[in-house]
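Any read-out appearing in this document is the output of simple, stated calculations on the displayed coordinates, not a laboratory observation. Given the structure is predicted, the values throughout are model-derived calculations rather than measurements. FYI the Cβ positions are ideal-geometry reconstructions off the backbone, even for glycines, and counts take in every protein chain you see.
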Amino acid sequence: MHNKLMKHHVFYGTTSLGEKGQVVIPVKARKDMAVGRGEQLLVFGVGGEMVVLSRLSNMQKFASHMERQLKDLKKIIKERSK
């Protein structure tokens with residue numbers, strides 16, 4: 001399983017923080033992830049040492065998926081508690 005996970009981890013190079021606090025995402029990374037101009041990204045801090053970007057649309061899809069899963073779980077719990 002570890003090898004499968006590692007296939008999704010890619011190093012795209014380096015970038016610098018600009019004067020206005022902006023960071024340029026390398027072209028290859030933008031192409032591979034299909035991130036385009038104007039796309040909204042969520043910014044997460046991990047462990048005080050790492051910054052992670054995620055497409056807002058991905059998080060919306062994930063939240064919708066989790067909402068459906070929670071509804072199913074609530075239904076199962078309600079049925080079993082009868």
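Which distance in nm do the two modelled labels at Asp32 and Thr15 give, with both placed 7 Å along the Cα-to-Cβ direction?
Roughly 1.3 nm, to one decimal.
Tell me, Leu73, Leu53 in order of fewest to most beta-carbon neighbours within 10 Å?
Taking fewest neighbouring Cβ atoms as first place, the list is Leu73, Leu53.
Once the piece of chain linking Leu73 and Glu49 is laid out straight, how much longer is it, given 0.36 nm per residue of separation minus the C-alpha distance between them?
5.1 nm
Are there any chymotrypsin sites (Phe, Trp or Tyr not before Pro) in the chain that are in a DSSP loop and have at most 11 other Cβ atoms within 10 Å? List them by number.
Phe11
At most 16 other Cβ atoms within 10 Å and a DSSP loop assignment: could you name the GluC sites (Glu not before Pro) in the stretch 1-78 that fit?
Glu19, Glu39, Glu49
Ratio of Rg to Rh for the chain, alpha carbon only, Kirkwood?
The Rg/Rh ratio comes out at 1.13.
With runs of 4+ DSSP H residues as the only contributors, calculate the mean residue ellipticity of the chain at 222 nm using -39,500 (n - 2.57) per run, divided by the residue total and rounded to the nearest 500.
When only DSSP H runs of four or more count, the value is -13500 deg cm²/dmol.
In percent, how large is the relative contact order of the chain, given Cα pairs closer than 8 Å and 6 or more residues apart?
14
Among Ser16, Ser64, which comes first, then next, by fewest other beta-carbon atoms within 10 Å?
Ser16, Ser64
For helix 56-80, what angle does its Cα long axis make with the longest principal axis of the chain, in degrees from 0 to 90 and rounded to 10?
For 56-80 against the chain, the angle is about 20 degrees.
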